[in-house]
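The values are calculated or read from the model by the stated rules, or taken from the named source; none is laboratory data. Computed from a predicted model, the values in this text were never measured in an experiment. Note that each Cβ is placed from the backbone with ideal geometry, even for glycine, and that neighbours are counted across all protein chains shown.
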Amino acid sequence: MTGLDHVGIAVADLDAAIEWYHDHLGLILVHEEVNDDQGIREAMLAVPSAPETSQIQLMAPIDESSVIAKFLQKRGPGIQQFACRVRNLEKLSEQLRAQGIRLVYETPRRGTADSRINFIHPKDAGGVLIELVEPARRV
């Protein structure tokens, strides 16, 4: 692990949430996209003086069958996961599986800004959904 990448928060209205975090905490929008694979619209927010450090990810469903839609139906808005930044997702996944830790996906999937992601199953992490994020290589 190289750092805390972000904390993911499920919201019903992405635009209203972006506005709230900006108006009340001064966070700035650094990235926004639709992730069709996950059925969400998402935004990454950061502290203006340090946009490359840990961020807040706001996620709103665009598909009622998405994990975030189901999370909102069951628990309401709130923290859904936290994410650790890693250098080599395959290597770490292999090590975790060798230790008996379950991962949600068999192979990494596309995450925000073309990162590669997987999740440690909450049942193996004290009830916490931990996302593993290997950022996209910058050219």
Residue 75 meets each of (1) loosely packed, with under 13 Cβ neighbours inside 10 Å; (2) closer than 28 Å to residue 138 by Cα; (3) modelled with pLDDT of 95 or more with one exception, condition (2)
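For the stretch 72-81, indicate whether the set of residues that are of a type in the set (A, V, I, L, M, F, W, C) and touching a strand residue (DSSP E or B) at 6+ places or on another chain (Cβ under 6 Å) is non-empty. Before you say what the answer is, go through the steps one by one.
Initial filter on the stretch 72-81 (of a type in the set (A, V, I, L, M, F, W, C)): 72, 79.
Then keep just the ones that are touching a strand residue (DSSP E or B) at 6+ places or on another chain (Cβ under 6 Å); that gives 72, 79.
Among the residues of the stretch 72-81, at least one is of a type in the set (A, V, I, L, M, F, W, C) and touching a strand residue (DSSP E or B) at 6+ places or on another chain (Cβ under 6 Å), which makes the answer yes.
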Scanning the stretch 101-129 residue by residue, the ones that are without any contact (Cβ under 8 Å) to a residue 12 or more places away in the chain and more than 17 Å from the chain's Cα centre (by Cα) total 2
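So that you can scan it fast, the table gives a plain yes or no per residue for (1) in contact with a helix residue (DSSP H, G or I) (Cβ under 6 Å, 6 or more places away or on another chain); (2) within 16 Å of residue 14 (Cα to Cα); (3) among the hydrophobic types (A, V, I, L, M, F, W, C):
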{"position": "26", "(1), (2), (3)": "no, no, no"}
{"position": "30", "(1), (2), (3)": "no, yes, yes"}
{"position": "37", "(1), (2), (3)": "no, no, no"}
{"position": "41", "(1), (2), (3)": "yes, yes, no"}
{"position": "44", "(1), (2), (3)": "no, yes, yes"}
{"position": "49", "(1), (2), (3)": "no, no, no"}
{"position": "53", "(1), (2), (3)": "no, no, no"}
{"position": "57", "(1), (2), (3)": "no, yes, no"}
{"position": "64", "(1), (2), (3)": "no, yes, no"}
_For the stretch 84-98, check the following and say yes or no: at least one residue is within 12 Å of the chain's Cα centre (by Cα) and among the hydrophobic types (A, V, I, L, M, F, W, C)._
yes
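Within the stretch 82-96, identify whether any single residue is buried (at least 16 other Cβ atoms within 10 Å of the Cβ), of a type in the set (Val, Ile, Thr) and either free of Cβ contacts under 8 Å to residues at least 40 places away in the same chain or touching a Phe, Trp or Tyr at 6+ places or on another chain (Cβ under 9 Å) (or both), and answer yes or no. Please lay out each step first, then the result.
Taking the stretch 82-96 first, the residues buried (at least 16 other Cβ atoms within 10 Å of the Cβ) are 82-86, 89, 92-93, 96.
Within this subset, residues satisfying the condition of being of a type in the set (Val, Ile, Thr) are 86.
Now narrow it down to the ones that are either free of Cβ contacts under 8 Å to residues at least 40 places away in the same chain or touching a Phe, Trp or Tyr at 6+ places or on another chain (Cβ under 9 Å) (or both): none.
Looking for residues that are buried (at least 16 other Cβ atoms within 10 Å of the Cβ), of a type in the set (Val, Ile, Thr) and either free of Cβ contacts under 8 Å to residues at least 40 places away in the same chain or touching a Phe, Trp or Tyr at 6+ places or on another chain (Cβ under 9 Å) (or both), one finds none in the stretch 82-96, hence no.
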